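Report on the structure given below.
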Amino acid sequence: MKAVRILSRNIRDAFKSVFRNFSLSLASITCITITLIVVSLSLILTFNVNNFTDKVEKNATIVVFLENKIKDEEKESLRTAIEKIQNVDTISYESKSEIQEKMMNESETYKNIMSGWTEEENPLQDTYLLKVKNVDFIGDTAKEVGALEGVGTVKYGEGMIEQLVSIFDLVRQGSYIVVLALVVVTAFLIANTIKITIFSRRREIEIMRLVGASNINIKIPFVFEGLLLGFLGSILPILITTYGYTVIYNKFGGKLFSNLITLIEPQPFVFKVSGVLILIGILVGMFGSLRAVKKYLKS
């Protein structure tokens, strides 16, 4: 019961302090809000880049074109040899007649050209389609497959996949650095803002010291004040994240530029990002307050 009373008193005092020092509190809240909006954009970019990169890696396919004269038993031997390659995850077979049928269904032009082909006239090649376990080694895997007997040519989008993965890895790492830097800057700005607040209330702190209040009792109200500032500063970024991302997703139909780049569905994604934002806001506010109070009490 005593703990509940202490907690409720500290929360009440935090609200009073925020409104009593409204201009300084507004500066802290504005700082947190602006920073968390940028953090939100960075998180949305990072998660969507991760999502796209994962899809690229999962859909990366090595197309193995077989030699035209290869026999059925040789195809099975080749399949067994491919399956033994360490980085090969799954393997599927498409005959040249299946490829012909698929191409005809996809395009009327192909249908007009290919509809008259007989099995003997079909110039296409039977293929094995391979999915790899680790896209970083797709080039080495393709070379290993290409060296097997019965393989004509091997294609996997040479150069493009490696470049895409490298670019998105850089974007992902850069986003992490931006988020971390913004959190550190926010904590620093909040600490400095609260230092000014504490300086303006130094007489109040001196009185608390004179009546025998411990450092912990002096720190706790300021920590709660930082928590409150962080919470209030996260409200607008959460609203912008929740509604803004949903509007963008619906407007573009969940895709950017092409079907290749798909966005993460808003629910529950926006709630996860909002949870991260409010957590960052609260923790940064509390840390900034605690740091400022500690420095003042040491002096």
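What follows is calculated from the coordinates using simple rules that are stated; it is not laboratory data. Model, not experiment: these values are computed from the prediction. Cβ sites come from the backbone with ideal geometry, for glycine too, and all protein chains shown count toward neighbours.
Each label was represented as a point 7 Å from its Cα along the Cα-to-Cβ direction; for VAL38 and THR246 these points are 2.8 nm apart. For TYR245, neighbours were defined as the other residues whose beta-carbon sits under 12 Å from its Cβ, and their charges (Lys and Arg +1, Asp and Glu -1) total +1.
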